[in-house]
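*Asks:* Got a structure here, written out as structure tokens. Questions coming.
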Amino acid sequence: MPASSMSISASTAVERPKSTFEDVTWKSFLTYEPELNALADSKYRHLASGDTVEKTKEALEERGFKVHVVNNKDEAFQKVVSLIPAVAITETGEIAHGDQTGTKVGGVSFGAGNVIVVAGTNKIVKDEAEAVLRTKEFCLPFVSAYSRRAFKIKEAFMTNYEVLRATQNGRIQVVLVKEVLGF
């Protein structure tokens, strides 16, 4: 189907589809893997303050990122549909992410001319050092839980880690959702 026939006008609302991954959600991991309950009230599950969100947005924009702050998943979905996961976003305007096979890091760094990052404000951390801690101490246990459920492997590991400190103006757009999203 040609891209022109797939475009959706800004006034057209599209219903956000129901998740087909009910057994690989935050809550399901706490049920299937009770040892993760120790992380249930982690500071990484709490939303950033309004001031912190605004400070982070400004820092990202100063580094050339386009940023959209929305109030919930439905607004985020509508924003993504009108445009077309990061592990952490720092208050100082960096985006950190990692992966096991290079599919995420490679695509963001080198592949796409237009990248969209959608992240809950629970992923905002103070700086790059805390981004690494969040990734290793918080995200990796949940990615491992996901890998056990989805791929039947013992654990996930991170072979690639990248911090985006700046971008060509407008190449990477960031949608910050004022909800806890993902891990």
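The values are calculated or read from the model by the stated rules, or taken from the named source; none is laboratory data. Source: prediction; values computed, not measured. Glycine also receives a Cβ, built like all others from the backbone with ideal geometry; neighbour counts cover every protein chain displayed.
*Asks:* Would a scan of the stretch 2-15 turn up a residue that is modelled with pLDDT of 85 or more, exposed (fewer than 11 other Cβ atoms within 10 Å of the Cβ) and either among the hydroxyl-bearing types (Ser, Thr, Tyr) or in a loop (DSSP other than H, G, I, E, B) (or both)?
*Replies:* no
*Asks:* Another question, then. Within the stretch 162-179, can one find any residue that is closer than 19 Å to His46 by Cβ, of a type in the set (Val, Ile, Thr) and touching a helix residue (DSSP H, G or I) at 6+ places or on another chain (Cβ under 9 Å)?
*Replies:* Our first condition is that a residue be closer than 19 Å to His46 by Cβ; within the stretch 162-179, this holds for 176-179.
Subset that is of a type in the set (Val, Ile, Thr): 177.
Then keep just the ones that are touching a helix residue (DSSP H, G or I) at 6+ places or on another chain (Cβ under 9 Å); that gives 177.
Yes, the stretch 162-179 contains at least one residue that is closer than 19 Å to His46 by Cβ, of a type in the set (Val, Ile, Thr) and touching a helix residue (DSSP H, G or I) at 6+ places or on another chain (Cβ under 9 Å).
*Asks:* Six or more apart or on different chains, Cβ atoms under 8 Å: show the pairs whose first residue is in the stretch 156-170 and part of a loop (DSSP other than H, G, I, E, B) and whose second is of a type in the set (D, E, K, R).
*Replies:* Once the first residue is part of a loop (DSSP other than H, G, I, E, B) and sits in the stretch 156-170, its partners that are of a type in the set (D, E, K, R) give Met158/Asp99; Met158/Lys136; Thr159/Asp99; Arg165/Arg63; Arg165/Glu94; Ala166/Arg63; Thr167/Arg63; Gly170/Lys66.
*Asks:* Could you tell me whether any residue of the stretch 126-138 is modelled with pLDDT of 95 or more, surrounded by fewer than 19 Cβ atoms within 10 Å (Cβ to Cβ) and assigned to a loop (DSSP other than H, G, I, E, B)?
*Replies:* Yes, because at least one residue in the stretch 126-138 is modelled with pLDDT of 95 or more, surrounded by fewer than 19 Cβ atoms within 10 Å (Cβ to Cβ) and assigned to a loop (DSSP other than H, G, I, E, B).
Residue-wise test of (1) at pLDDT 85 or above; (2) surrounded by fewer than 15 Cβ atoms within 10 Å (Cβ to Cβ).
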{"site": "Arg45", "(1), (2)": "yes, yes"}
{"site": "Ile84", "(1), (2)": "no, yes"}
{"site": "Thr92", "(1), (2)": "yes, no"}
{"site": "Ala96", "(1), (2)": "yes, no"}
{"site": "Asp99", "(1), (2)": "no, no"}
{"site": "Gly102", "(1), (2)": "no, yes"}
{"site": "Gly111", "(1), (2)": "no, yes"}
{"site": "Val117", "(1), (2)": "yes, no"}
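*Asks:* I'm trying to understand the selection: among the residues of the stretch 143-152, which are hydrophobic (A, V, I, L, M, F, W, C) and at pLDDT 90 or above? So that I can check it myself, show each step before the final result.
*Replies:* Our first condition is that a residue be hydrophobic (A, V, I, L, M, F, W, C); within the stretch 143-152, this holds for 143, 145, 150-151.
Selection gives Ala145 alone.
*Asks:* Hey, does the stretch 89-98 have a residue that's within 24 Å of Asp41 (Cβ to Cβ) and in contact with a Lys or Arg (Cβ under 6 Å, 6 or more places away or on another chain)?
*Replies:* yes
*Asks:* For the condition over 15 Å from Trp26 (Cβ atoms) and touching a strand residue (DSSP E or B) at 6+ places or on another chain (Cβ under 6 Å), what is the one hit in Val163, Val180, Val132?
*Replies:* Working: Val180 fails: over 15 Å from Trp26 (Cβ atoms); Val132 fails: touching a strand residue (DSSP E or B) at 6+ places or on another chain (Cβ under 6 Å).
Every option except Val163 fails the conditions.
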